[in-house]
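Below is one structure, written out as structure tokens; the observations come after it.
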Amino acid sequence: MKKHSNDFGNDSVPGLVLRTSIPFMFAQFVNVLYSIVDRIYIGNIPQIGDVSLAGAGICAPVITLLSSFATLIGIGGSVLFSMRLGAKDQEKAKNLLGTSFSMLLVFSAALTILFLLLKAPLLQWFGASQTTFPYANTYMTIYTLGTFFALLSMGMNYFITAQGYPGLGMATTLIGAVVNIVLDPIFIFLLHMNIAGAALATVLAQLSSCVFVLLTLKQKKMPIPLTLAPIRRSTAVRILKMGFSPFLILATDSVIIIALNAVLQHFGGPEYGDTLITCATIVQSYMLLITSPMLGITGGSQPLISFNMGAGKVERIRKIVLCVLLLCIGFTTFMFLLSRFVPQYFVRIFTQNPEYASLSVWGIQVFTLGVIPLSFQYVFVDALTAMSLTKLSLFLSLLRKSEYFAATCLLPLFFAARMCFYAEPIADTLCFFSSSLAFFLIYKKYLKGEGRLSQLRL
């Protein structure tokens, strides 16, 4: 068998963190980029570009919700899988891989049926008007029919990285990105399929990624090749418990975006509300360039932590967390500086309107005030999840979301509508203190000195 690309239990920690986290970070970055490119293509459809873009934007929270189910099983299963690998329990690791695959098959079928039945009221709830509904409905119908490919490619990709092949995990995203970017202009402009072409290109891109993931996991070079396993209730419950925290974090993002848009529309009024929402969309797109790669860094490190927890190597866990934290601080510092000096170049991708551009630049600079403290939240919460402390990680995540939601609703009551933009840095700064305190207490009790990892096991 081909030599394993990364030895999670013995390789140098700094090098190992870079080899696993950077590909994950890059993959997340590519995901954001081709999403932005996708919107640029849709926005440039002759005559109907603006309304088509609005229709696609209305679908965004639903798409995020679908993605969260891939995270639920993918992270939940892969964290437990890594622990079993670290404990050299090959049989249980194989069962976890097969069970996760079977669960994704069931979930994808159930979600496809459910979202097709409920898509009309969902789209109306997310803000579709009479004008935008036909475009949103077209995009949503085609995208939902590809749910199987989306969940399988995203969910099973975690297990490629968990087996020591982060480069192959990154390739999954690159394949999807290239296919989508190539097919978008062909379907939209050459074949005149308009927004339906954009949705079809996305589905075919996910199909390509899905085929690559499954073929990769079936290869004999994999320490644990993919096989189908029956879904046992006890195993499924453990996977869902482990993945519930990151699932809820991702799922609630949609709720916060909806709340922010509603507040901006209400307090901005008919003359200013749409402008604020447009600018908020641009600002949130910029934030994705920060949060998505950072999620890649911390997510890429989770198999390392879980593996070494299973192996009982507390010293390596300490080193991994420190290296990941330094990497995230470095990245967020760089992005913070970019947001101070060059946000206008990003804004120009979306709008040439001087009013929109000026407000968006201001919004980016406000939104990013707390990105460096936010890096502590990302690192510590994902580390706690990797160590099976899912209740604590979930509490810390929901605490930040609650702070964000409260600030979003309260700030415009006392100040101007656009003060909602300060909700992000307020929540990011507050979560720095709560997550740092929680992790310090865990570190002091379980990770300092020899440690008592056995007490952390579920």
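Only the coordinates and a few stated rules stand behind these numbers; no lab work does. From a predicted model like this one, the values you see are computed outputs, not experimental measurements. Neighbour counts run over all protein chains shown; Cβ positions are idealised from the backbone, glycine included.
Most exposed first by the Cβ proxy, i.e. fewest other Cβ within 10 Å, how do ASP184, ASP382 rank?
Ascending number of Cβ neighbours within 10 Å: ASP184, ASP382.
Are any of the pairs LYS94/LYS391; LYS88/LYS221; LYS221/LYS313; LYS218/LYS241; LYS220/LYS313; LYS88/LYS445 more than 19 Å apart by Cα-Cα distance, and if so, which?
LYS94/LYS391; LYS221/LYS313; LYS218/LYS241; LYS220/LYS313; LYS88/LYS445
Report the relative contact order of the stretch 155-259, percent, no decimals, based on alpha-carbon pairs under 8 angstrom and at least 6 residues apart.
24
To the nearest 10 degrees, how steeply does helix 133-145 sit against the main Cα axis of the chain, on a 0 to 90 scale?
For helix 133-145, the angle is close to 20 degrees.
Please compute one quarter of the surface area of the Cα convex hull for the stretch 13-456 and express it in square nanometres.
20.3
If you line up the long axis of helix 354-367 against the longest principal axis of the chain, both from Cα atoms, how many degrees apart are they, to the nearest 10?
It works out to around 30 degrees.
Find how many whole Å separate the alpha carbon centroid of the stretch 411-446 from the alpha carbon centroid of the stretch 248-262.
16
With everything on Cα atoms, drop me the angle between helix 390-414 and the longest principal axis of the chain, reported from 0 to 90° to the nearest 10.
With both axes taken from Cα atoms, the answer is about 20 degrees.
In percent, how large is the relative contact order of the chain, given Cα pairs closer than 8 Å and 6 or more residues apart?
RCO, the chain: 22 percent.
For a footprinting-style exposure proxy, rank CYS409, CYS279, CYS323 by other Cβ within 10 Å, fewest first.
Fewest-to-most Cβ neighbours within 10 Å comes out as CYS409, CYS323, CYS279.
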